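Remarks on the structure that follows.
No lab work stands behind these numbers, since they all come straight from the coordinates. Please read all numbers here as calculations on a predicted model, not as lab measurements. A quick note on method: Cβ atoms are made from the backbone with ideal geometry, for glycine too, and the neighbour counts reach across all protein chains shown.
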Amino acid sequence: MARDQLGFALPAAGAYLLGAGLLWWFDRRWLWVAGALLQVLVIAMYFAVAPQRDPTFEVWGLIIRVLQFGLLATLTYLVLRPITRPDVTSHRRALGSR
């Protein structure tokens, strides 16, 4: 049983680390959309598979889902916020050029 959990947990952890790295390095809206969609899929799969397990829900599994909802909320905020561009003219004025 522990070996099965480790076999599932290590690739999942690797995927989250890869996703975190991509989100850290790239400021792209499509990446936020992809991350949010994947979170929805992972959360839905957890609740779809849970009735087949014993126990159905575990405390650590629910804690992880709460964290995932936080990540989903953050990604949703990033996707829905307006895109703002830096004001080039104010930057040039601050540097003293015209």
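Before moving on, here are some points about what is shown:
- Counted residues, region 12-66 - those being in contact with a Lys or Arg (Cβ under 7 Å, 6 or more places away or on another chain) and in contact (Cβ under 8 Å) with a residue 40 or more places away in the chain: 0
- Filter result (assigned to a loop (DSSP other than H, G, I, E, B) and of a type in the set (A, V, I, L, M, F, W, C)) within region 10-50: Phe26
- A count restricted to region 35-75 and to residues that are acidic (Asp, Glu) and surrounded by 10 or more Cβ atoms within 10 Å (Cβ to Cβ) stands at 1.
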